[in-house]
1. Can you tell me the relative contact order of the range 67-117? Whole percent, Cα pairs under 8 Å, sequence separation 6 or more.
2. Could you please state how large a percent of the accessible area of the range 80-172 is carbon and sulfur, counting protein chains only and using a 1.4 Å probe?
3. By accessible area of protein heavy atoms, probe 1.4 Å, what ranking do Glu69, Glu90 get, highest first?
4. Please tell me which of these pairs span more than 30 angstrom C-alpha to C-alpha: Lys39/Lys115; Lys49/Lys78; Lys25/Lys49?
5. With contacts defined as alpha carbon pairs under 8 Å and 6 or more residues apart, what's the relative contact order of the range 59-151 in percent?
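The values are calculated or read from the model by the stated rules, or taken from the named source; none is laboratory data. Model, not experiment: these values are computed from the prediction. Protein only, heavy atoms only, side chains kept; ligands, DNA and RNA dropped before computing areas. Shrake-Rupley method; radii C 1.70, N 1.55, O 1.52, S 1.80 Å.
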Amino acid sequence: MKKVCELNPGTIFNYAKKKFVVLGKRRGGVLCLLAQSEKDAAFYDGNEKPYNDYRKSDLRKRIEGTFLEELFQNGARKEDLVPFDLNLRETDGSEGYGVIEGVLAAPLTLWDYGKYKDIIPNNEAGIWWLATPFWTRSPNSSFSNDVWFVNSVGGCSDSWCNYTFGVRPALVLNSSLLVSYEGEEDIDLTKVQNEAFLEEAKRRWKQGMFTIQINGPYIDFEGV
């Protein structure tokens with residue numbers, strides 16, 4: 001196990017029974033992205049214009065609802081997550097829909113994707129949403145229906161908001177959070193001491209790697 005801040009960009013690691021990829025340092029923590037999308041959702045499938053405003057989107061409700069709830073059920077703690085600001089400026093860099101302050105999880109913006117695209121794994125399930133509107137105002141007002149997405153080979157384009165694409169949130173994790181990562185050697189619990197033992201035991205418990213059963217004064221540990 002290592003602190004998440006000690007992992008190199010591009011490293012895949014385990015957190016709350018999901019796999020994430022390290023992108024880079026972000027003020028107060030480390031920016032990470034779900035390694036592969038989970039489920040699909042429309043960006044927005046309602047009737048209230050403009051359609052490509054993430055602030056009121058179905059995608060936001062899915063991420064801040066079901067996705068975060070599942071993380072916490074799988075062992076994540078609120079103190080693991082560093083709130084960050086999501087900038088909803090539009091494609092030409094103008095203000096767009098402003099900034100959402102203090103989110104715990106959100107899609108990447110177009111600019112974050114551009115910054116980290118060389119280390120982001122292609123999404124095996126196909127297209128996934130970004131948060132950035134294609135336009136909020138334009139000579140062609142139909143563009144206010146469109147949002148940026150990333151396809152299965154890493155290319156970007158725009159699509160209507162009511163299409164159903166992958167949900168692939170980003171988080172900023174506390175720099176001191178201990179995580180297991182791909183490529184590390186398995187830890188022999190009989191050869192580690194004190195704090196390291198406890199942290200490894202917690203990791204295995206959260207990942208469902210063993211169960212316990214109380215039999216009178218004894219506790220039995222059973223692998224699953």
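1. Details: 42 pairs, mean separation 14.9, N = 51.
Worked out over the range 67-117, it gives 29 percent.
2. On the way: 1930 of 3950 Å².
On the range 80-172, the fraction of accessible area on carbon and sulfur atoms equals 49 percent.
3. Glu69, Glu90
4. On the way: Lys39/Lys115 25 Å; Lys49/Lys78 33 Å; Lys25/Lys49 36 Å.
From the list (Lys39/Lys115; Lys49/Lys78; Lys25/Lys49), the Cα-Cα distance tops 30 Å for Lys49/Lys78; Lys25/Lys49.
5. Numbers: 118 pairs, mean separation 21.9, N = 93.
Over the range 59-151, the number comes to 24 percent.
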